[in-house]
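Visitor: Quick one: this structure, given as structure tokens, is what I'll be asking you about.
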Amino acid sequence: MGRWQPDSRGRLAKAALVLYDDQGFDKTTVAEIATQAGVTERTFFRHFPDKREALFGGNQSLEATLTAGIAAAPPGLAPIDAVAAGLEAVAAMLGERRDFARRRRRVIDANPELRERDLVKNAELAAALAAALRDYGVDEATATLAAEAGIGVFKVAMGRWTESDEEKPLADLIRESLAQLKAVTAGA
């Protein structure tokens with residue numbers, strides 16, 4: 001192995017993504033990921049319980065950023081606008097990671113097991129978002145509804161960001177998707 005280098009977790013996630021994209025998720029082994037990252041298999045398992053989590057390990061920081069964005073929102077916003085504050089914080093966090101997000105999406109879309117894991121992670125994100133809204137002072141039913149709508153806005157914006165050639169920042173796409181949601185519900 002050579003001399004220790006920092007950020008083993010980040011290097012493992014990056015190596016996994018490259019290998020999954022190049023040769024497929026099913027054909028990639030933990031040993032290959034570890035070798036590519038310059039660490040041992042044991043180090044891999046210190047950071048991730050399985051090879052799927054190498055793609056989803058960033059969800060904790062996504063969740064933390066989203067919920068912190070809601071907590072920092074000015075008091076008295078409508079629930080969906082508090083969600084927008086959290087999504088803006090996430091957009092700032094993801095910023096220049098568009099190529100990574102595109103590659104990650106491609107890998108997930110190519111594998112049913114990963115698509116299923118993605119759905120579970122989105123459900124966990126929605127639950128955390130609803131809890132943050134309750135802490136913000138929103139009642140249970142409204143918090144759940146706003147959280148689910150927020151995840152829908154995020155998924156649509158991320159889809160546009162990763163699949164399109166337009167060079168709009170993620171934050172702009174989130175704002176546009178939120179405006180579209182508000183337009184759809186305005187006639188209710």
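The values are calculated or read from the model by the stated rules, or taken from the named source; none is laboratory data. What you are looking at is a predicted structure, and each value in this text was computed from that prediction instead of being measured. Ideal geometry is used to build each Cβ from the backbone, glycine not excepted, and the neighbour counts take in all protein chains shown.
Visitor: For the stretch 161-188, give me the residue count where each residue is among the aliphatic types (A, V, I, L, M) and not in a helix (DSSP H, G or I).
Guide: 1
Visitor: Identify, please: which residue in the stretch 134-144 is touching a residue at least 40 places away in the same chain (Cβ under 8 Å) and part of a helix (DSSP H, G or I) and is, among those, farthest from Asn59 (Cα to Cα)?
Guide: Thr142
Visitor: Given the criteria at pLDDT 95 or above, assigned to a helix (DSSP H, G or I) and either assigned by TED's automatic domain parsing to the domain that holds Glu63 or over 17 Å from the mean Cα position of the chain (by Cα) (or both), does Gly150 qualify? Spell out the reasoning first.
Guide: Values: at pLDDT 95 or above: yes; assigned to a helix (DSSP H, G or I): yes; either assigned by TED's automatic domain parsing to the domain that holds Glu63 or over 17 Å from the mean Cα position of the chain (by Cα) (or both): yes.
Yes: the conditions hold for Gly150.
Visitor: Say we look at the stretch 52-74 and pick out the residues that are part of a loop (DSSP other than H, G, I, E, B) and of a type in the set (Gly, Ala, Ser); which of these is nearest to Val138 (Cα to Cα)? Even if it seems obvious, please write down each step before you answer.
Guide: Filtering the stretch 52-74 down to residues part of a loop (DSSP other than H, G, I, E, B) leaves 52, 57-58, 72-74.
Cutting the leftovers down to of a type in the set (Gly, Ala, Ser) gives us 57-58, 72-73.
Numbers: Gly57: 29, Gly58: 27, Ala72: 15, Ala73: 13 Å.
Top of the filtered list is Ala73.
Visitor: Just checking, how many residues over the stretch 89-113 are assigned to a helix (DSSP H, G or I) and in contact with a Phe, Trp or Tyr (Cβ under 6 Å, 6 or more places away or on another chain)? Please lay out each step first, then the result.
Guide: So in the stretch 89-113, the residues assigned to a helix (DSSP H, G or I) come out as 89-94, 98-109, 112-113.
Cutting the leftovers down to in contact with a Phe, Trp or Tyr (Cβ under 6 Å, 6 or more places away or on another chain) gives us 107.
Qualifying residue count, the stretch 89-113: 1.
Visitor: Among the residues of the stretch 18-39, write down those that are assigned to a loop (DSSP other than H, G, I, E, B), in contact with a Lys or Arg (Cβ under 9 Å, 6 or more places away or on another chain) and of a type outside the set (A, V, I, L, M, F, W, C). Talk me through it step by step, then tell me what you get.
Guide: Within the stretch 18-39, the subset assigned to a loop (DSSP other than H, G, I, E, B) is 24-29, 38-39.
Remaining after also requiring in contact with a Lys or Arg (Cβ under 9 Å, 6 or more places away or on another chain): 25, 28-29, 38-39.
Across the stretch 18-39, the qualifying residues are Thr28, Thr29, Gly38.
Visitor: Here's another thing I want to ask about it. Would you be able to tell me the number of residues in the stretch 123-177 that are in contact with a Leu (Cβ under 7 Å, 6 or more places away or on another chain) and charged (D, E, K, R)?
Guide: 1
Visitor: Take Glu63 and decide whether it is closer than 15 Å to Leu178 by Cα, of a type outside the set (A, V, I, L, M, F, W, C) and in contact (Cβ under 8 Å) with a residue 12 or more places away in the chain.
Guide: Numbers: closer than 15 Å to Leu178 by Cα: no; of a type outside the set (A, V, I, L, M, F, W, C): yes; in contact (Cβ under 8 Å) with a residue 12 or more places away in the chain: yes.
In short, no.
Visitor: State which residue pairs qualify: first residue touching a residue at least 12 places away in the same chain (Cβ under 8 Å) and inside the stretch 172-187, second residue surrounded by 12 or more Cβ atoms within 10 Å (Cβ to Cβ) and of a type in the set (Lys, Arg) in any location, beta carbons under 9 Å apart, and separation of 6 or more residues or different chains.
Guide: Leu173/Arg160; Glu176/Arg160; Glu176/Lys168; Ser177/Lys155; Ser177/Arg160
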